[in-house]
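See structure below.
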Amino acid sequence: MTRMEVSLSPEHLDAAVFDLDGVLTNTAGLHEAAWKETFDAFLRQRRPPLADFSQQDYRAFVDGRRREDGVRAFFASRGIELPEGSESDPPDAETVQGLSRRKNEAVQERLRCDSAPLLGARALLQALRRADIRVAVASSSANAGAVLKATGLDSFVQIRVDGVDSARLDLPSKPDPALFREALQRLEVEPTRAAIFEDAIAGVAAGRKAGFHTVIGVGRGQHAEALLAAGADMVVPDLSVVEVL
(Lines give C-alpha, C1' and ligand atoms only; values in the text may rest on other atoms or scores of the structure.)
Protein backbone atom coordinates (compact mmCIF):
# COMPACT_ATOMS: atom_id res chain seq x y z
CA MET A 1 0.00 0.00 0.00
CA THR A 2 1.30 3.45 -0.86
CA ARG A 3 2.64 5.37 2.09
CA MET A 4 0.42 8.33 2.90
CA GLU A 5 0.42 11.33 5.18
CA VAL A 6 -2.61 11.97 7.38
CA SER A 7 -3.29 15.31 9.04
CA LEU A 8 -5.42 15.96 12.10
CA SER A 9 -6.62 19.45 12.98
CA PRO A 10 -8.28 20.93 16.08
CA GLU A 11 -10.51 22.77 13.63
CA HIS A 12 -12.32 19.46 13.03
CA LEU A 13 -11.45 17.38 16.11
CA ASP A 14 -11.73 17.75 19.86
CA ALA A 15 -10.50 14.23 20.69
CA ALA A 16 -8.66 11.19 19.39
CA VAL A 17 -9.45 7.70 20.67
CA PHE A 18 -6.90 4.91 20.31
CA ASP A 19 -7.01 1.18 20.59
CA LEU A 20 -3.87 0.07 22.44
CA ASP A 21 -2.47 -3.25 21.26
CA GLY A 22 -1.10 -2.95 17.74
CA VAL A 23 -1.87 0.77 17.51
CA LEU A 24 0.10 2.48 20.30
CA THR A 25 2.12 -0.48 21.54
CA ASN A 26 3.70 -3.65 20.19
CA THR A 27 1.53 -5.80 22.46
CA ALA A 28 -0.83 -7.14 19.75
CA GLY A 29 1.78 -9.74 18.84
CA LEU A 30 2.20 -10.66 22.50
CA HIS A 31 -1.53 -11.22 22.85
CA GLU A 32 -1.66 -13.29 19.68
CA ALA A 33 1.21 -15.48 20.91
CA ALA A 34 -0.49 -15.96 24.29
CA TRP A 35 -3.77 -16.92 22.62
CA LYS A 36 -1.96 -19.40 20.36
CA GLU A 37 -0.16 -21.00 23.30
CA THR A 38 -3.45 -21.33 25.19
CA PHE A 39 -5.62 -22.62 22.36
CA ASP A 40 -3.06 -24.95 20.76
CA ALA A 41 -2.46 -26.77 24.04
CA PHE A 42 -6.20 -27.44 24.25
CA LEU A 43 -6.70 -28.34 20.57
CA ARG A 44 -3.83 -30.84 20.53
CA GLN A 45 -5.39 -32.78 23.42
CA ARG A 46 -8.52 -33.49 21.37
CA ARG A 47 -8.88 -36.86 19.66
CA PRO A 48 -8.21 -36.56 16.83
CA PRO A 49 -6.20 -33.34 17.37
CA LEU A 50 -7.66 -30.23 15.76
CA ALA A 51 -5.84 -27.74 13.54
CA ASP A 52 -3.76 -25.19 15.42
CA PHE A 53 -4.94 -21.65 16.12
CA SER A 54 -3.92 -19.39 13.21
CA GLN A 55 -3.39 -15.69 12.56
CA GLN A 56 -6.62 -15.75 10.57
CA ASP A 57 -8.40 -17.16 13.64
CA TYR A 58 -6.91 -14.40 15.77
CA ARG A 59 -8.17 -11.63 13.50
CA ALA A 60 -11.58 -13.20 12.89
CA PHE A 61 -12.55 -14.36 16.38
CA VAL A 62 -10.30 -12.84 19.05
CA ASP A 63 -8.75 -9.51 18.07
CA GLY A 64 -10.50 -6.58 19.77
CA ARG A 65 -12.78 -8.73 21.92
CA ARG A 66 -12.89 -9.33 25.67
CA ARG A 67 -11.07 -12.52 26.66
CA GLU A 68 -14.19 -14.50 27.45
CA ASP A 69 -15.89 -13.45 24.23
CA GLY A 70 -12.79 -14.43 22.27
CA VAL A 71 -12.79 -17.90 23.83
CA ARG A 72 -16.48 -18.37 23.04
CA ALA A 73 -16.19 -17.10 19.45
CA PHE A 74 -13.12 -19.17 18.59
CA PHE A 75 -14.44 -22.44 19.95
CA ALA A 76 -17.81 -21.86 18.34
CA SER A 77 -15.95 -21.63 15.02
CA ARG A 78 -14.55 -25.12 15.68
CA GLY A 79 -17.92 -26.53 16.76
CA ILE A 80 -16.85 -26.82 20.41
CA GLU A 81 -19.10 -25.67 23.25
CA LEU A 82 -17.27 -25.23 26.54
CA PRO A 83 -18.98 -24.93 29.91
CA GLU A 84 -18.92 -21.34 31.17
CA GLY A 85 -17.40 -22.14 34.56
CA SER A 86 -16.89 -19.43 37.16
CA GLU A 87 -14.40 -16.66 37.88
CA SER A 88 -12.82 -18.88 40.54
CA ASP A 89 -11.87 -21.56 37.98
CA PRO A 90 -8.14 -22.35 37.92
CA PRO A 91 -6.22 -21.79 34.66
CA ASP A 92 -6.17 -25.53 33.88
CA ALA A 93 -9.97 -25.78 33.92
CA GLU A 94 -11.45 -26.57 30.50
CA THR A 95 -14.06 -23.84 30.79
CA VAL A 96 -14.51 -20.40 29.26
CA GLN A 97 -13.35 -18.81 32.49
CA GLY A 98 -10.45 -21.22 32.98
CA LEU A 99 -9.05 -20.73 29.48
CA SER A 100 -9.50 -16.98 29.82
CA ARG A 101 -7.40 -17.05 32.97
CA ARG A 102 -4.80 -19.29 31.32
CA LYS A 103 -4.46 -16.82 28.46
CA ASN A 104 -4.13 -13.88 30.86
CA GLU A 105 -1.32 -15.61 32.75
CA ALA A 106 0.45 -16.35 29.46
CA VAL A 107 0.27 -12.73 28.33
CA GLN A 108 1.25 -11.26 31.71
CA GLU A 109 4.69 -12.86 31.48
CA ARG A 110 5.23 -11.47 27.99
CA LEU A 111 4.01 -7.99 28.92
CA ARG A 112 6.47 -7.71 31.81
CA CYS A 113 9.41 -8.18 29.45
CA ASP A 114 8.46 -6.94 26.01
CA SER A 115 6.05 -3.95 26.08
CA ALA A 116 7.15 -0.96 23.98
CA PRO A 117 5.55 1.96 22.08
CA LEU A 118 5.16 1.51 18.35
CA LEU A 119 6.74 3.82 15.77
CA GLY A 120 5.28 7.32 15.96
CA ALA A 121 3.03 6.67 18.97
CA ARG A 122 4.76 8.89 21.52
CA ALA A 123 5.30 11.77 19.10
CA LEU A 124 1.68 11.73 17.96
CA LEU A 125 0.28 11.72 21.49
CA GLN A 126 2.56 14.61 22.40
CA ALA A 127 1.45 16.57 19.33
CA LEU A 128 -2.24 15.97 20.11
CA ARG A 129 -1.84 17.25 23.65
CA ARG A 130 0.01 20.36 22.41
CA ALA A 131 -2.91 21.04 20.05
CA ASP A 132 -5.43 20.64 22.92
CA ILE A 133 -6.96 17.57 21.27
CA ARG A 134 -7.99 15.23 24.08
CA VAL A 135 -6.64 11.68 24.10
CA ALA A 136 -8.40 8.48 25.19
CA VAL A 137 -7.44 4.82 25.04
CA ALA A 138 -10.29 2.35 24.56
CA SER A 139 -9.05 -1.21 24.76
CA SER A 140 -10.67 -4.55 25.47
CA SER A 141 -7.53 -5.58 27.37
CA ALA A 142 -7.71 -5.74 31.15
CA ASN A 143 -3.95 -5.05 31.14
CA ALA A 144 -4.18 -1.68 29.39
CA GLY A 145 -3.29 0.38 32.44
CA ALA A 146 -0.17 -1.67 33.15
CA VAL A 147 0.95 -1.50 29.51
CA LEU A 148 0.50 2.27 29.31
CA LYS A 149 2.52 2.70 32.49
CA ALA A 150 5.26 0.31 31.37
CA THR A 151 5.66 2.10 28.03
CA GLY A 152 5.50 5.60 29.53
CA LEU A 153 2.48 6.58 27.44
CA ASP A 154 0.13 6.96 30.41
CA SER A 155 1.09 10.61 30.94
CA PHE A 156 -0.42 11.55 27.56
CA VAL A 157 -3.74 9.76 28.08
CA GLN A 158 -6.59 11.61 29.77
CA ILE A 159 -9.24 8.89 29.63
CA ARG A 160 -8.84 5.11 29.65
CA VAL A 161 -11.65 2.60 29.16
CA ASP A 162 -10.41 -0.99 29.25
CA GLY A 163 -11.34 -4.60 29.85
CA VAL A 164 -11.80 -3.98 33.57
CA ASP A 165 -14.39 -1.30 32.78
CA SER A 166 -16.01 -3.53 30.17
CA ALA A 167 -16.52 -6.29 32.71
CA ARG A 168 -17.75 -3.92 35.43
CA LEU A 169 -20.19 -2.15 33.10
CA ASP A 170 -21.05 -5.33 31.16
CA LEU A 171 -20.17 -3.68 27.86
CA PRO A 172 -20.49 -5.93 24.78
CA SER A 173 -17.35 -6.62 22.78
CA LYS A 174 -16.45 -5.00 19.48
CA PRO A 175 -17.85 -4.76 16.81
CA ASP A 176 -20.45 -3.31 19.17
CA PRO A 177 -19.49 0.38 19.67
CA ALA A 178 -20.24 0.41 23.42
CA LEU A 179 -16.59 0.66 24.49
CA PHE A 180 -15.96 3.65 22.24
CA ARG A 181 -19.18 5.36 23.24
CA GLU A 182 -18.17 5.03 26.88
CA ALA A 183 -14.82 6.69 26.09
CA LEU A 184 -16.54 9.53 24.22
CA GLN A 185 -18.98 10.05 27.08
CA ARG A 186 -16.10 10.36 29.56
CA LEU A 187 -14.30 12.74 27.21
CA GLU A 188 -17.53 14.75 26.88
CA VAL A 189 -16.98 14.83 23.12
CA GLU A 190 -19.43 14.07 20.31
CA PRO A 191 -18.32 11.30 17.92
CA THR A 192 -18.51 13.73 15.00
CA ARG A 193 -15.70 15.69 16.69
CA ALA A 194 -13.41 12.70 17.26
CA ALA A 195 -11.10 10.35 15.37
CA ILE A 196 -10.57 6.68 16.15
CA PHE A 197 -7.39 4.64 15.50
CA GLU A 198 -7.86 0.86 15.29
CA ASP A 199 -5.96 -2.16 13.97
CA ALA A 200 -8.74 -4.73 14.50
CA ILE A 201 -11.42 -5.42 11.91
CA ALA A 202 -14.02 -5.58 14.70
CA GLY A 203 -12.68 -2.28 16.10
CA VAL A 204 -12.93 -0.46 12.77
CA ALA A 205 -16.51 -1.72 12.39
CA ALA A 206 -17.27 -0.49 15.92
CA GLY A 207 -15.77 2.92 15.17
CA ARG A 208 -17.90 3.25 12.06
CA LYS A 209 -21.04 2.30 14.01
CA ALA A 210 -20.16 4.83 16.74
CA GLY A 211 -20.23 7.63 14.17
CA PHE A 212 -16.65 8.93 14.47
CA HIS A 213 -15.68 11.84 12.25
CA THR A 214 -12.68 9.84 11.01
CA VAL A 215 -11.98 6.11 11.31
CA ILE A 216 -8.29 5.38 10.76
CA GLY A 217 -7.08 1.81 10.41
CA VAL A 218 -3.53 0.79 11.27
CA GLY A 219 -2.23 -2.10 9.19
CA ARG A 220 -0.38 -3.30 6.12
CA GLY A 221 -0.97 -5.46 3.06
CA GLN A 222 -4.05 -7.65 3.01
CA HIS A 223 -4.95 -6.61 6.55
CA ALA A 224 -5.04 -2.97 5.43
CA GLU A 225 -7.45 -3.96 2.66
CA ALA A 226 -9.63 -5.77 5.20
CA LEU A 227 -9.70 -2.67 7.43
CA LEU A 228 -10.86 -0.55 4.50
CA ALA A 229 -13.55 -3.11 3.72
CA ALA A 230 -14.69 -2.98 7.36
CA GLY A 231 -15.29 0.77 7.13
CA ALA A 232 -12.00 2.61 7.68
CA ASP A 233 -11.79 5.98 5.95
CA MET A 234 -8.08 5.40 5.44
CA VAL A 235 -5.34 3.03 6.60
CA VAL A 236 -1.83 3.96 7.73
CA PRO A 237 1.11 1.57 8.21
CA ASP A 238 1.98 3.20 11.55
CA LEU A 239 1.42 6.42 13.48
CA SER A 240 4.60 8.10 12.21
CA VAL A 241 2.71 9.23 9.08
CA VAL A 242 0.07 11.10 11.11
CA GLU A 243 0.67 14.79 11.79
CA VAL A 244 -1.23 17.36 13.84
CA LEU A 245 -1.72 20.77 12.25
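Sequence-ordered 3J(HN,Hα) estimates for the range 43-54 from the Karplus curve with 6.51, -1.76 and 1.60 and θ = phi - 60° stand at 5, 6, 7, 6, 10, x, x, 9, 4, 4, 5, 10 Hz, glycine and proline given as x.
Computed over the alpha carbons of the range 122-194, Rg followed by Dmax gives 12.4, 34 Å.
Protein heavy-atom surface of the range 123-186, 1.4 angstrom probe: 46% of the accessible area is carbon and sulfur, with nucleic acids and ligands not counted.
Within the same chain, lysines fewer than 8 places from Lys103 are excluded, and of the rest, those with a Cα less than 28 Å from its Cα are Lys36, Lys149, Lys174.
Amide hydrogen proximity for Ala16: with H placed 1.01 Å from N in the peptide plane, the residues at 5 or more positions away or on another chain lying under 5 Å are Arg134, Val135, Ala136, Ala195.
Annotation note: trypsin sites (Lys or Arg not before Pro) in the range 12-106 located in DSSP loop regions with a Cβ neighbour count of at most 16 within 10 Å are Arg44, Arg46, Arg78.
The Glu188 and Arg44 beta-carbon pair, evaluated with R₀ = 30 Å, returns a calculated FRET efficiency of approximately 0.05.
Surface composition of the range 29-112: carbon and sulfur atoms hold 47% of the protein heavy-atom accessible area at a 1.4 Å probe.
Helix-only estimate, please: 222 nm mean residue ellipticity of the chain, summing -39500 (n - 2.57) across DSSP H runs of length 4 or more and dividing by its residues, to the nearest 500.
Estimated from H runs of four or more residues: -12500 deg cm²/dmol.
For the options Gly152, Gly79, Gly98, a Gaussian network treatment of the chain with springs between C-alpha atoms closer than 10 Å singles out Gly79 as fluctuating the most. As a length-normalised measure over Cα pairs under 8 Å and 6 or more apart, the relative contact order of the range 29-112 settles at 28 percent.
With every protein chain kept in place and ligands, DNA and RNA left out, what is the accessible area per residue of the chain? Probe 1.4 Å, answer in Å².
45
Scaling the Cα radius of gyration of the chain by the globular reference 2.2 N^0.38 Å produces a ratio of 1.00.
As a calculated quantity, the FRET efficiency between Gln222 and Asp132 at R0 = 45 Å, using C-beta atoms, amounts to about 0.75.
Per the Kirkwood formula on distinct C-alpha pairs, the Rh of the range 29-112 is how many angstrom?
Numbers: mean 1/r = 0.0789 Å⁻¹.
About 12.7 Å, per the Kirkwood formula over Cα pairs.
Taking the Cα centre of the chain as the origin, how large is its charge dipole in debye, to the nearest 20, when only Lys and Arg (+1) and Asp and Glu (-1) carry charge on their Cβ atoms?
160
Of the beta bridges in the chain, as assigned by DSSP with both residues counted there, near 5 percent are antiparallel. Candidates Gly29, Gln97, Leu43 compared by Cα position along the dipole of the range 29-112: farthest toward the positive end lies Gly29, with charges placed on Cβ. In plain terms, the chain is cut at each of the GluC sites (Glu not before Pro) found in a DSSP loop with at most 15 other Cβ atoms within 10 Å, and the longest leftover piece is 95-187.
Each Lys and Arg Cβ is given +1 and each Asp and Glu Cβ -1; about its Cα centre, the range 67-120 then shows a dipole of about 260 debye.
Taking amide H positions as modeled 1.01 Å from N, with prolines and chain starts lacking one, the residues under 5 Å from Val244 and 5 or more places away or on another chain are Leu8.
The values are calculated or read from the model by the stated rules, or taken from the named source; none is laboratory data. Keep in mind the model is a prediction, meaning the values are calculated, not measured. So basically every Cβ, Gly included, is an ideal-geometry build from the backbone, and we count neighbours across all protein chains shown. Areas reflect the complete protein model, heavy atoms only, side chains present, ligands, DNA and RNA absent. Shrake-Rupley method; radii C 1.70, N 1.55, O 1.52, S 1.80 Å.
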